[in-house]
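These notes concern the structure reproduced below.
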Amino acid sequence: MAIRSSLNLNEMSYIKLTYICVNNKNLLKLYGFKNNQISSILPGTIVDEEIISKDKYEFYLISQKALRGNPQATHYYIVYDEFDVQPAEIHLLVFKLCFLYYNWTGGIKIPAPCQYARKLAMLVGDKFFNGEIIKFPSDKFFKEIKSLYYL
């Protein structure tokens, strides 16, 4: 309810929300076992049993292929869900979003919308210096250039 009220959405709104927290800064290391040897985990591996809390809606996903070493799992925690979809559908959606990043041909560690938001926040953060806003060249920049080339 707090999320809906912060977005100025009433209960009768036709908009349904699902709020997922993404944490890629964790210390979890997962390893596979293949041909009696420890191996790297394959992309698409989802861990939603045993090592997570039973009373929370959370899971770990490995969406990228490691070029060296072992890929690190990303932790997803569903805070608010109005869709009432099956967990497998959320897993598939999140996994597919990891392949939509423009600057990389394979899967990335976090979903593309999260990566774009992070890059945009870094860009805007670089424009602030000592609390003062550095002005952009002109309004023409924002009106005519519609691409996200800087991301």
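Quick note: the coordinates plus some simple rules give every number you see, no bench work behind them. Quick caveat, the model's predicted, so the values are computed rather than measured. Positions of Cβ are backbone-derived with ideal geometry, glycine not excepted, and every protein chain shown enters the neighbour counts.
Averaging the sequence gap over all C-alpha pairs within less than 8 Å and six or more residues apart, then dividing by the number of residues, gives the stretch 2-144 a relative contact order of 21 percent.
Taking all C-alpha pairs of the stretch 41-125, those more than 23 Å from each other amount to 27 percent. With only Cα atoms counted, the stretch 2-144 has Rg and Dmax values of 19.2, 63 Å. Inter-label distance, L30 to E50: 1.0 nm, where each label sits 7 Å from its Cα along the C-beta direction.
Compared with the direct C-alpha span, the chain from A121 to T105 gains 3.5 nm at full extension, assuming 0.36 nm per residue. Of the chymotrypsin sites (Phe, Trp or Tyr not before Pro) found in the stretch 42-94, the ones in coil according to DSSP and having at most 14 other Cβ atoms within 10 Å of their Cβ are F83. Note on S39 and I15: the model spin-label points, each 7 Å out from Cα along the C-beta direction, lie 4.6 nm apart.
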